[in-house]
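Enquirer: Here it is: the structure, laid out below.
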Amino acid sequence: SIKSGSKNNYAVYSLGISEQRHRHLQIEKDLYQALERQEISLVYQPQIQAAGGLIVGWEALVRWQHPEMGWISPGEFIAVAEETGLILQLGQYVLRHACRQMAIWRDLGYRDWHVAVNLSVKEFREASFLASVSAILQETDLEPHYLELELTERIAMENEEDTLQKLRYLKEQGVKLSIDDFGTGYSSLSYLPLYPIDKLKIARELVVMAEHKEEGMEIIAAILSLAHALNLSVIAEGVETREQLRFLLAQGCRQIQGYYFSKPLPPEQCVPFAQSFKV
Ligand code: C2E
Ligand code: MG
Ligand code: MG
Ligand code: MG
């Protein structure tokens, strides 16, 4: 896929095989304690309705500050967490903190925001997944419509029965559903009308490609008309430049996420950002 090798492992590529192996083992070993030691935190990136310059939501992104290795990218440790099964604990941690944060924002009056949380396949497939989402919503006293879950195309493509059943349940509860990194993975689109999806997130890779290649632009145009036909909303992610913003808006993509507006922010910077934000 276009995505492979894109953003994750620059640091790792410069290491030899044995150093890579060592780093991997170190991450595997230390991740167990990272949660207890409060080395894991969340940052939030604004999602913006470009027309009115309105913030519509925030995507929660996990961060790990390792005491010796420094900042470790989720691109590196999510995969390890999936291998070891720790993803279940990590996923719950992320969901709980994101919901708690959204409840705080709601109580401050930001009732038109949502919080978007990434799901890994393993987390989604777990038998206890739905129960754990419900429990966390209850515990944090958050109405389900404030929560958006970001699925991968892989989740959508595999195990259709299980996926459909879980998505229907979430949808009935009022949780919103989006497909992350849309356009980079599988080519089949047949699953789309099947599932109660609300939103497609156009992958950063396509946004970048569209700046240099006509084909990239055409793929984005196709995604937008597909979304229109299926009554889905669309957000483009990884938007960094005014040029990208310009052509996305011209194509009719109304929601934007990316460094152009803001990097992911620690929670205490989100409300100040919102208060001073103007397009
Ligand atoms: P993603 O969900 O597609 O998130 C977007 C990634 O692109 C984030 O990287 C974000 O910081 C980065 N990004 C945002 N705007 C821009 C931009 O304008 N330019 C560039 N170059 N990058 C931008 P991050 O935080 O390193 O996360 C990487 C991936 O790790 C995420 O991709 C997601 O798949 C996964 N991830 C992050 N947090 C979680 C989590 O809590 N749970 C799970 N299961 N996966 C997570
Ligand atoms: Mg995401
Ligand atoms: Mg994404
Ligand atoms: Mg991405």
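Enquirer: Yes or no: the range 214-234 includes at least one residue that is within 14 Å of ligand 1 (Cβ to nearest atom) and touching a helix residue (DSSP H, G or I) at 6+ places or on another chain (Cβ under 8 Å). Talk me through it step by step, then tell me what you get.
Expert: Pass one, the range 214-234, residues within 14 Å of ligand 1 (Cβ to nearest atom): none.
No, that holds for no residue.
Enquirer: Considering 171, 166, 201, which residue is within 16 Å of ligand 2 (Cβ to nearest atom) and among the basic types (Lys, Arg)? Steps first, please.
Expert: Working: 171 fails: within 16 Å of ligand 2 (Cβ to nearest atom); 166 fails: within 16 Å of ligand 2 (Cβ to nearest atom).
The conditions single out 201.
Enquirer: Could you identify the single residue in 58, 71, 64 that is assigned to a strand (DSSP E or B) and farther than 30 Å from residue 245 by Cβ?
Expert: Of 58, 71, 64, the one residue that is assigned to a strand (DSSP E or B) and farther than 30 Å from residue 245 by Cβ is 64.
Enquirer: With the checklist (1) of a type outside the set (Phe, Trp, Tyr); (2) away from ligand 2 (no atom under 16 Å from the Cβ); (3) out of contact with any strand residue (DSSP E or B) (no Cβ under 6 Å at 6 or more places or on another chain) in hand, flag the one item residue 155 doesn't pass.
Expert: It fails just one condition, (2).
Enquirer: Could you tell me how many of the residues in the range 235-250 are within 11 Å of ligand 1 (Cβ to nearest atom), more than 19 Å from residue 180 (Cβ to Cβ) and free of Cβ contacts under 8 Å to residues at least 60 places away in the same chain?
Expert: Result for the range 235-250: 1.
Enquirer: Which one is farthest from the chain's Cα centre (by Cα), of the residues in the range 192-235 that are within 15 Å of ligand 4 (Cβ to nearest atom) and not in a helix (DSSP H, G or I)?
Expert: 234
Enquirer: Against the conditions (1) under 18 Å from the mean Cα position of the chain (by Cα); (2) surrounded by 14 or more Cβ atoms within 10 Å (Cβ to Cβ), where does residue 263 fall short? Just the number, please.
Expert: Unmet condition: (2).
A short reminder: the numbers here are calculations on the coordinates, not readings from a lab. Everything numeric in this text was worked out from a predicted model, so none of it was measured. Cβ atoms come from the backbone with ideal geometry, glycine included; neighbour counts cover every protein chain shown.
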